[in-house]
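K.L.:
A single structure is presented below for examination.
The values are calculated or read from the model by the stated rules, or taken from the named source; none is laboratory data. Keep in mind that what you see is a predicted model, and the values were worked out from it rather than measured. Cβ atoms come from the backbone with ideal geometry, glycine included; neighbour counts cover every protein chain shown. Calculation scope for accessible area: heavy atoms of the full protein, side chains included, ligands and nucleic acids excluded. Shrake-Rupley method; radii C 1.70, N 1.55, O 1.52, S 1.80 Å.
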Amino acid sequence: MSSVVEQTADDLPEAPARPSHRAWAVLQGVAIALGLVGMIGGFALIAVDYRPYDIPTASMHPTLQIGDTVLGRKVGGGSVGRGDVVVFRDQAWSGGRLMVKRVVAVGGDTVAVSREDNRLTVNGKPVDEPYLAAQAPKGDSFSVTVPQGRLFLLGDNRQGSLDSRTHMDVDGGTVPADGVEARVEATVMPFGRTALLPRTAAFDGLAGPDAAAPGPLEPAAYATVGGAALIVLTCAAGGLAGLARRLRRS
């Protein structure tokens, strides 16, 4: 007598994946790979090229404020120009502690503030400084010729900054260019002030090095955020597609 064999659903061979499912799986894998490359590559570039610094005083107000955390790109003093905001060390100024000021003159420049109109001039040419507080006075008059290999630095808050003007007794208030550690390119915290530091064109009419072009911070940040977003969206889309397939089968 022959026996009857019942076949259950578990005994059925698994149906081959549809071509559309395979294509989606390939696209999902490619998107996640691209997202990882962008996120890791952008973050690595920022980590290698940039360093965070805290702003403890109001000497750079309104450009930088107390409590800001900024990102500075690691550079040498030879690669900075007029208008750059730099992080530097100078033993005579602060005992070697880090400070943040704006470069207004480089080696060979004559920088001055006249008693008549209280306006900053570099090599005899007046400089309009849009980064200062409105109607901010420049302080007492002075005239200094900057030695080669040194920088003349001022705070944007001219009434509340201890800068080159208050150290005239040491090399005319100048600091060695090789004391520069970084060029500030962005504010990252608090989040309400997160922004790139705009390049100033105030010194563009002068011969010689002006404020440098921005580094790779902006594209690296976009790559990091965009890569992370691509991974999250791809995984979410994959989860929703899987849920839709299960609902159709049921």
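K.L.:
Which pairs do you get when a residue that is open to solvent by 50 Å² or more (accessible area, probe 1.4 Å), found in segment 147-173, comes within reach of a residue that is among the aromatic types (F, W, Y) and not in a strand (DSSP E or B), reach meaning Cβ atoms under 8 angstrom, with the pair 6+ apart or on two chains?
P.N.:
Taking only residues 6 or more apart or on different chains, the pairs are L162/W93.
K.L.:
In segment 153-160, is there at least one residue being closer than 15 Å to G83 by Cβ and more than 20 Å from the chain's Cα centre (by Cα)?
P.N.:
Within segment 153-160, one or more residues are closer than 15 Å to G83 by Cβ and more than 20 Å from the chain's Cα centre (by Cα).
K.L.:
Select from segment 179-219 the residues that are within 18 Å of Y53 (Cβ to Cβ), open to solvent by 30 Å² or more (accessible area, probe 1.4 Å) and in contact with an Asp or Glu (Cβ under 9 Å, 6 or more places away or on another chain) and list them in ascending order.
P.N.:
The answer is V188, M189, P190, R193, L196, L197, P214.
K.L.:
Still on this structure: Looking at segment 81-99, I want the residues that are on the phi > 0 side of the Ramachandran plot and have a partner that is of a type in the set (A, V, I, L, M) with Cβ atoms under 9 Å, at least 6 apart or on another chain. Which pairs are those?
P.N.:
Final answer for the pair search is G83/V103; G83/V104; G83/A201; G83/A202; G83/A211; G83/A212.
K.L.:
While we're on this one: Say we look at segment 215-249 and pick out the residues that are of a type in the set (V, I, T) and more than 20 Å from A47 (Cα to Cα); which of these is modelled with the highest pLDDT?
P.N.:
First, pick out the residues of segment 215-249 that are of a type in the set (V, I, T): 224-225, 231-232, 234.
Now restrict to residues that are more than 20 Å from A47 (Cα to Cα): 231-232, 234.
Details: I231: 77, V232: 82, T234: 76.
The residue in question is V232.
K.L.:
Give the residues of segment 165-212 that are within 21 Å of G42 (Cα to Cα) and touching a Lys or Arg at 6+ places or on another chain (Cβ under 7 Å), sorted by residue number.
P.N.:
A182, R183, E185, T187
K.L.:
Within segment 70-80, how many residues turn out to be closer than 14 Å to T194 by Cα and open to solvent by 50 Å² or more (accessible area, probe 1.4 Å)?
P.N.:
0
K.L.:
Something else: Hey, can you tell me all the residues within segment 58-78 that are part of a loop (DSSP other than H, G, I, E, B), on the phi < 0 side of the Ramachandran plot and in contact (Cβ under 8 Å) with a residue 12 or more places away in the chain?
P.N.:
Selection gives A58, S59, M60, H61, P62, T63, L64, Q65, D68, V75, G76.
K.L.:
Being exposed (fewer than 13 other Cβ atoms within 10 Å of the Cβ) and within 17 Å of the chain's Cα centre (by Cα) narrows it down to one residue among G67, G83, G95; which is it?
P.N.:
G67
K.L.:
Which condition number does V85 fail, the rest of (1) at pLDDT 95 or above; (2) in contact with a helix residue (DSSP H, G or I) (Cβ under 9 Å, 6 or more places away or on another chain) being met?
P.N.:
The number of the failed condition is (2).
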